[in-house]
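Undergrad: Submitted below is the structure of interest, expressed as structure tokens.
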Amino acid sequence: LAAMSHGANFSVPGAGKTTVTLALNTVAMEPDSRMLVVAPKSAFQSWEGVVAECFDDAAAIPFLRLAEDRQEVVRLLRSGHPRLVVNYEMMVSVSTDIRRYLTGAPSHLVMDESHRIKAGARSQRGEVALTIGTAATRRDILSGTPMPQGSGDIAAQADFVWPGEGIGRAIRNGVAPGKALSGRFVRTTKSQLDLPPRTEEF
């Protein structure tokens, strides 16, 4: 991922996509850059805790949550805080401010659970993601289930990460996603995690 200008991480749930993405941001972006993560609210806690888990420095900059109060969300975006996490619904509501935030400094935009933009321009979330994406210096998508209903689900996600390169169009025209995205994504499988056998107690 660090060797790519933009990328995709399709590792299975529990493989550490959040940690890998923070590490990627640390090595691939300039120190004064910004990082905005768009994620479902259920993932907020992971992003808020990952900085303390990964860095010894007590002064390491945490992720701040953008949710609920729209005025507070806009205030935080305009403050230029370097690490923010926002949910998909709020992303739609404050898209103009997000675009301004991303253009204000070198920026890393991450779509966590990126299959939520699989409808592309046919949905508000997808359309806004495609619009704000071009304002970011680097774009990454994370999903353990990038194609929940079929290969077409990944086309809009590819358009977000690599706009104008025709990858999404190729997938819509029948090119296998693995071939169209060859060399552009990483995936850790369940077997590669080498987990011990599960024990169930009733």
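The values are calculated or read from the model by the stated rules, or taken from the named source; none is laboratory data. The model shown is predicted, which means the values in this text are computed figures rather than measured ones. Note: ideal-geometry Cβ built from the backbone for every residue, glycine included; neighbour counts use all protein chains shown. Calculation scope for accessible area: heavy atoms of the full protein, side chains included, ligands and nucleic acids excluded. Shrake-Rupley method; radii C 1.70, N 1.55, O 1.52, S 1.80 Å.
Undergrad: For A155, work out the one condition from (1) closer than 18 Å to D112 by Cβ; (2) without any contact (Cβ under 8 Å) to a residue 60 or more places away in the chain; (3) assigned to a helix (DSSP H, G or I) it doesn't fulfil.
TA: For A155, the failing item is (1).
Undergrad: Hey, can you tell me all the residues within the stretch 10-23 that are touching a Cys at 6+ places or on another chain (Cβ under 8 Å) and loosely packed, with under 15 Cβ neighbours inside 10 Å? I'd like the intermediate steps shown before the answer.
TA: Residues of the stretch 10-23 touching a Cys at 6+ places or on another chain (Cβ under 8 Å): 19, 22-23.
Matches in the stretch 10-23: T19 only.
Undergrad: So which residues in the stretch 154-199 are under 17 Å from the mean Cα position of the chain (by Cα), closer than 21 Å to V12 by Cβ and open to solvent by 20 Å² or more (accessible area, probe 1.4 Å), if there are any at all?
TA: R184, F185, V186, R187, T188 - these are the residues of the stretch 154-199 that are under 17 Å from the mean Cα position of the chain (by Cα), closer than 21 Å to V12 by Cβ and open to solvent by 20 Å² or more (accessible area, probe 1.4 Å).
Undergrad: If I ask for residues that are closer than 22 Å to A3 by Cβ and under 13 Å from the mean Cα position of the chain (by Cα), which ones from the stretch 121-151 would you list?
TA: G133, A136, R138, R139, D140, I141, L142, S143, P146
Undergrad: Hey, another quick one. Here's a check for you: in the stretch 108-145, which residue that is out of contact with any helix residue (DSSP H, G or I) (no Cβ under 6 Å at 6 or more places or on another chain) and basic (K, R) is modelled with the lowest pLDDT?
TA: Here the residue is R122.
Undergrad: Based on what the data block shows, is R70 touching a helix residue (DSSP H, G or I) at 6+ places or on another chain (Cβ under 7 Å), crowded, with 19+ Cβ neighbours inside 10 Å and over 30 Å from G152 (Cα atoms)?
TA: No.
Undergrad: State whether one or more residues within the stretch 24-47 are without any contact (Cβ under 8 Å) to a residue 60 or more places away in the chain, outside any loop (DSSP other than H, G, I, E, B), exposed (fewer than 13 other Cβ atoms within 10 Å of the Cβ) and among the hydroxyl-bearing types (S, T, Y).
TA: Yes - at least one qualifying residue is present in the stretch 24-47.
Undergrad: Of all residues in the stretch 74-92, count the ones that are within 18 Å of the chain's Cα centre (by Cα) and part of a helix (DSSP H, G or I).
TA: Summing the residues that are within 18 Å of the chain's Cα centre (by Cα) and part of a helix (DSSP H, G or I) in the stretch 74-92 gives 6.
Undergrad: Right, next: Which of the residues spanning the stretch 105-117 are open to solvent by less than 30 Å² (accessible area, probe 1.4 Å), assigned to a helix (DSSP H, G or I) and of a type outside the set (S, T, Y)? Break it down into steps so the answer makes sense when it comes.
TA: Of the residues in the stretch 105-117, the ones open to solvent by less than 30 Å² (accessible area, probe 1.4 Å) are 105, 107-112, 114, 117.
From what's left, assigned to a helix (DSSP H, G or I): 114, 117.
Across the stretch 105-117, the qualifying residue is only I117.
Undergrad: Name the pairs: first residue in the stretch 66-89 and polar (S, T, N, Q), second residue exposed (fewer than 13 other Cβ atoms within 10 Å of the Cβ) and modelled with pLDDT of 95 or more, Cβ to Cβ under 9 Å, at least 6 apart or on different chains?
TA: Sorted first by the residue in the stretch 66-89, then by its partner, the pairs are N87/P40.
Undergrad: Which of (1) open to solvent by 30 Å² or more (accessible area, probe 1.4 Å); (2) in contact with a Gly (Cβ under 9 Å, 6 or more places away or on another chain); (3) not hydroxyl-bearing (S, T, Y) does R100 not meet, given it meets every other one?
TA: (2)
Undergrad: Inspect all residues belonging to the stretch 118-138 and state whether any of them is open to solvent by 60 Å² or more (accessible area, probe 1.4 Å), touching a Pro at 6+ places or on another chain (Cβ under 7 Å) and hydrophobic (A, V, I, L, M, F, W, C).
TA: No.
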